[in-house]
Structure formats: C-alpha cells, structure tokens
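The values are calculated or read from the model by the stated rules, or taken from the named source; none is laboratory data. All of these numbers come straight from a predicted model, not from anything done at the bench. Counting neighbours? That spans all protein chains shown, and the Cβs are built from the backbone with ideal geometry, glycine included. Just the protein is used for accessible areas: all its heavy atoms, side chains included, with ligands, DNA and RNA removed. Shrake-Rupley method; radii C 1.70, N 1.55, O 1.52, S 1.80 Å.
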Amino acid sequence: MPKETQNSEELLETLPETIAALFQGAQTSNATHKRRVNTLCKLFIEATKVIQTQVSQREGVQGPVQLLTGEKAFNRAFWSILRHVLNVKRGIVAADRVLRFVGAFIGALMISEGRAIFVQTWSDINTRYPSQDITNEESNEDQTPRDRFLQRLVARIIIGCTAKDKTPRFRCTQLLSELLRQIPSLEDETYNKIKSSLLERCTDREWTIRAISCIGLGVLARVEASEDQSAIKSLEDRQVITVLEELCQHDVHNQVRIAALPGMALPLNPTSLVILLSRCRDIDASVRKMAFRLLSQIQARALSVSQRSTAVRNGLGDRDPQVRAEATKLIYRWAIGCSAVDQFHPDTSKSAKTRVQASAKVDLDEFLDLFDLWDGEVAEEALRALIYKRPDLMDEVNLNHPDYWSAFSPSKAILARVFTEIVAATTQQSDSSREMGLSSILSVDSGFSNRTRGAIFSVLETSQGVPFDGLKYTDSLPTLTLQAFNIQGLFNLLVQTVNILNSQQLHSLPSVPGVAREDLEEQLEDCVFSLNNLLKMTTVLLDTLGADEMGRRKVKTLIEDMITQPCLPESHLQEAITLQLKLSDDTTQFVKSTIEPILQEVLEGKYQPSGIGSRTYFRRDSIEGLTKTVDKSDAQLNQGANKGTDNEKAMVTYRQLCVTNISLEIIEWTPTESNTLHLLQRYLIKPALAVYVAYPRAAEDLKHQIFDAALKCLALIAISSRVLSYTSMLLIAVDTSA
C-alpha cells in the first residue's frame, strides 16, 4: 500500500478524535481559540485532499470516478460533535465558548487567504484528473470545499432553529448569529436563508431566542444600511431594520430591547437617531445605559443642538448612577472630539487611545458651542461634569490674566462662572473630613442643580477620591478689581451697541461692514448673556475673595451706577440688586443706596431725559428732609415734572417698581423702617395703580405691566409691615372696585 494511502487512512480514522480534542480544549478558555482554530483549519485542508478512486456504476459513465471521502468524513465528524453542544441549556459557559470557537473557525475558512488555498487545492485535483468527473451534486467549478461545508452546516442549523424544544432553538439561533459576526460575505442563497430564519425567531415566545436573533439581525442591518439608499425601493428591502426598530421600542423584555439597539442605531440615520434618543428615557436603566453608550460612538456634530441638549439633560438628570456615569462618558467623548486627537489609525490599540485622550487638550470654547448657551443650564451642567471627569483641563485656564478677557465671548463667560463656582465650592470642604466636605459641596443649598449633583456623585463613585482640588486653582480666580473692570467694559459695550441700534432705527442709516443690524443684534445678545454670567460670578467671588476691600468698593460703585441705567436688562436686575445687598454692610445701608434714591426722585418729581443709554433717573442724595415734604399735596409734588412723553414716564415708573419689588423680596424689613415703606406705598405705588389715567397715551402692555408690578409691591409691603397691611388691602379693594 502506498505511503500516501496509509497517511490518508490514518487521518480519516483519527479525524473524530482529533476534532473532539480540539472542541474539548475550546471549552476551557477563549485564550486558546486562535491556536486551535489554526489547527482545525489545517486539518480541514488535509481532509479535503483525501480523494478515493473507484469505478463508476452509473450508466453512461466510463472510467474511474473520484470520491470526496476526506471532505465528507470531516463534515460527519464535525457535525456529530457539534450537535451535542446544541442540546446544552442556556447559561452553560462551556457551550458558549464552543459556539464562539465554531464561529471563529468558520470565519477563518471564509477569509481570502483560505479561499486561495482551497482554490489552489481544487485546481491541483483537476490537474491530476483532467478527464474524470467528481461525483458530487455540487460540482460547480466556482464552489470550493469550504463553500460546500458552510452550505451543509447552515442547512442543518436552520432546521434546528424550528425545533420544538427551546434549547436547540436557542443554540442554533446563537450559532447563526455568531456565524454572521465572523463571516465577511455570504452567497445570496445562504444569506436569504439565514435572514428568513432570524426574522422568524424574532417572534419567538422565548425572550432569550428573540434577544440572540437580534444580534444576528444587527449584523444584517448594518449590511443593508451600507448599501445605496437609492436602491431601497420597498419596505421589504428594509425589513430587518424595521423589525429591529419595533423590537427596541416595544418588546416587553429589556434584554431584547438592549440586543436590538446596536443593530438599529449603527450606522446612523435620521430615523434611528430619533429612536435612539427616545431610548434614553426607557423605563429600564440597562436600556438607557446602552443608549448612552451607543450615543458616545456618534460624532457630536452629527446631532443637532437640541438633540445634544436633550441627551445631556436626560443623562445627567437620570435617577440611576450608572446611567449618569455613561452620560458623563458621553460628554467626555464629545469633548475629546473638540481636540486634535479625535482621529486614530485603525491599528491603534484601545489602551494607546486611552492614554492619548487622557492627556489631550480640549478646546472648551468649541465644546460649549456644541450647546445652546441661552437654553437653561444644559451647557454649564455638561461643563461641570467634564471638569469633574478631567480636572486637569482647567490647568490652562487663568482668569486672573488679562489675556483671557481680551477676546470675550459667551462661552468664555459661562466657563469663567462655572469654574469660579466649582473652585469656591470645593475650597469650603474640610481637610480633616472628606465626607463633610462633599456633603457641603453637593448639598441642596450649594447652588448645583439635581442633574449636576448626580453627575458629580457618579464621577466620585468611580474615581475613588475627590477629583477636583479647589485650593490648587484659587490663584487663577480674578481679583474683584479686575472683575469690576471686566463688567464695566462689557456694560459700556452694551450701552454703545444699544445707542448704535437706536441711531440706525431713528435716522435710517445704511448698513456698512461691521455695523450691520444683524451683527449688532447678535453682539447685543452676547453682551446681555455675558453680563448676567459675570454678575453671578461676582457674587461667588465676594464669598471667596471677600478681603479685597478696594475691589468691593469698586464693584459697589459700579453696580449702583448700572442699576440707574435703562440699558441694564430687566432680567439682570435680580442679580445686580442681590449683589448690591451682599456688598452692603447691613440692611439699612442697602435701603439707603437702593430704595431711598427712588423715593427722593419721586418726591422731588425731577425727571429729565438725557438720551437713551445714558439717562439717569435715580438721584443719590440722602433721605434727609424727606419728612418735610410729606405734607405737600400730590398736585404740588407733580408740578414741573414729567416733561417727557407718556411712554418715557411710564417706563421710568415701571423701572422703579421693578427695583422696589426685588428689594422687598430679598430683605427683611425692621419696624424702624416702616416709614420708608409708607412713603413707597403713598407716593410710588398708589399713583402707579392709576396708571391708566395718569399715562393715557402709553402702550397698553406697558400699563398692564405697571399695574401688575404695583399690586405685587402692595402685597410685599403687606407682608413686610403688619401696620401697612390694612392700608394695602384697602388700596387693592378700592382699585378692584374701580
């Protein structure tokens, strides 16, 4: 017997034992799979070379016929071992490892190098036997042993997917999904068979089978999504994606929804993005966590501003700490996208990417521009979460240097305010007790919102320590004197912009480069937003840098002048007056600097408009001598005043009422100051209740606002003084009856 024949017979005899040994070793660890896959591939190649020659018994066939003995023996041995694995119940780790090993083996056979080996082997056989036929039903020249092996294996697995018992149904569906993950390409016939089988298993009564089928359908969905969308003409062409969209939204089991999300969401399209964002509000925390994990794989610019804001708001406000942690990772991934290291070579390892990203410099201005800065607290909450995730990002921020304020922008204003708040809050913690410090930082009264406190807690839970040292960055905060100059420069720009806009409107000036009305309106919005943030930031600095007496005086003088200016937006009065209260030594000094000038102006009746943007209608004289003028009649007090139009006079009255309302809200009045409240009630509020008669030519909306503000003042006075509460109720009753 030839030596080649002896080796072939020995190979066929030991084939079942060799394959069984490889399967046995694959159960123990995934680390040995690569080596065993290579061994099994070599064994398959050697088996396909075993061919026996015999005389054909069929009519019309002359000469010897070659039989694929080795290939058939390998198929039988392989399936006889695999079918035992398909009967193992779910949850057995060894069976999962074996199926993963089988998928890796099939994937190794399907690669291009393997195909070249099989094609070369098949060409050698045809060369050796050029005039003889191969007795096989599939004797197509394009088919190779690995193609026939895959077709027979898939045909047997698909039959098991329809078994009555749930265990083989689950294992066969799992193996199909594993094959799809490993095989780069399939023939159309095999592809359609697997697709139909998985779609059928998506409606299985067992949630485990539905979940495992979604994994395989996810691979098919990515194939469909990568095709030309113009070629998709019917719903059948998008059947896989449609099924996954339905399952990830409406399936009753959370694991099915989790399994359907990756295949539905990636690659991204407008429909899948909307569904993915909706899953961020799923009733199950694990589904929400998976949704944020998938969002982190999408570039931030692929989402609209509203979608980014919605994702951050939902993530940082989630009740589950793990979901909040995933939302923080999403924000960090977006921030890394604003750096120069966002793109990596495909061969870069995950650890190398992590090291590079950990030391990357992030453009915080560009990061904040991802959000709508005027829309609530989303941008600042995202910034807080990012700072607590990467505290070293603030090493380059120095608010005490004039260069930071040279090129001002809304993003720089919000960055400066949030950074100051975090530094001020973290410096208050006790060195002896970290727990007491965290409780003081993240208490309800600390100024942080619920979403921000949740994000900070989630970061602290995973970082094993306080991630931000506020004492390190105290020197980076601006002095109060520098802060006063910054506010003054920004407010001057605001006044200048308002004057230019009004001049263009009054004189119909043509638009010139640099002073177009659209640019000026945008600049005005930026100034208003930035000024509000600087006022809030100054309030925090007073607590942190309270010893700077010269700076306190400069800020106090500046705020007093700003309150008198009509250009200061009404929405900023609350912050300015609150800051004025903190700068005052006591309540009496605050009343003297804020309320008494209003009374002085009203009692003297001196209103002299001097142009929009520079008009001052509050005098800073003392309250001395007010009691001497109290006995004057209302007619005498109003003589010679109010030379302006009704609208201008009504605007002054409304401004006075706004300042008075805010002042009454934030302080507690002592009985000794009831005289001031009485003067306010008589000479400011009572005439304001008659606004419809006093200013007949004023705008109706403005008159309504004055009347509402006057009623609010009466209510606040009634709360502050029990003596004047009865008078306030009488005024309200008389006004209502009138």
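So residue 435 clears everything in (1) open to solvent by less than 20 Å² (accessible area, probe 1.4 Å); (2) part of a helix (DSSP H, G or I); (3) at pLDDT below 85 except one condition, right? Which one? Just one mismatch for residue 435, condition (1). Can you pull out the residues in the stretch 63-103 that are closer than 20 Å to residue 150 by Cα, β-branched (Val, Ile, Thr) and touching a strand residue (DSSP E or B) at 6+ places or on another chain (Cβ under 7 Å)? Residue satisfying the conditions is 69 alone. Taking residue 683 as the residue in question, decide whether it is more than 28 Å from residue 583 (Cβ to Cβ), modelled with pLDDT under 85 and over 49 Å from the mean Cα position of the chain (by Cα). So residue 683 fails the test. Considering the stretch 485-494, the residues that are within 10 Å of residue 534 (Cβ to Cβ) and among the hydrophobic types (A, V, I, L, M, F, W, C) include one that is surrounded by the most Cβ atoms within 10 Å (Cβ to Cβ), namely 487. No other residue among 587, 538, 627 is hydroxyl-bearing (Ser, Thr, Tyr) and either modelled with pLDDT of 90 or more or in contact with a helix residue (DSSP H, G or I) (Cβ under 7 Å, 6 or more places away or on another chain) (or both) apart from 538.
Taking (1) modelled with pLDDT of 90 or more; (2) not in a helix (DSSP H, G or I) in turn, residue 278 satisfies each apart from (2).
Mind checking which residues of the stretch 250-277 are open to solvent by 30 Å² or more (accessible area, probe 1.4 Å) and closer than 26 Å to residue 178 by Cβ? Scanning the stretch 250-277 gives 252, 253, 254, 255, 262, 266, 267, 268. Checking each residue in the stretch 94-116 for being modelled with pLDDT under 50 and buried (at least 17 other Cβ atoms within 10 Å of the Cβ) picks out only 114.
Here is the figure for the stretch 174-210: residues that are free of Cβ contacts under 8 Å to residues at least 60 places away in the same chain, open to solvent by less than 10 Å² (accessible area, probe 1.4 Å) and farther than 17 Å from residue 163 by Cβ total 0.
Selection of the stretch 164-173 for residues being open to solvent by less than 30 Å² (accessible area, probe 1.4 Å) and more than 27 Å from residue 143 (Cβ to Cβ) yields 167, 168, 169, 170, 171.
Only residues that are touching a residue at least 40 places away in the same chain (Cβ under 8 Å) and farther than 20 Å from residue 524 by Cα were counted in the stretch 403-419, giving 1.
Keeping to the stretch 453-481, report how many residues are at pLDDT 80 or above, under 18 Å from residue 421 (Cβ atoms) and surrounded by fewer than 17 Cβ atoms within 10 Å (Cβ to Cβ).
Initially, the stretch 453-481 is screened for residues at pLDDT 80 or above, giving 472-481.
Within this subset, residues satisfying the condition of being under 18 Å from residue 421 (Cβ atoms) are 472-480.
Keeping just the survivors that are surrounded by fewer than 17 Cβ atoms within 10 Å (Cβ to Cβ) gives 472, 474-475, 479.
So the count comes out to 4.
Of the numbered criteria (1) among the aliphatic types (A, V, I, L, M); (2) modelled with pLDDT of 85 or more; (3) open to solvent by 30 Å² or more (accessible area, probe 1.4 Å), the one residue 383 fails is (3).
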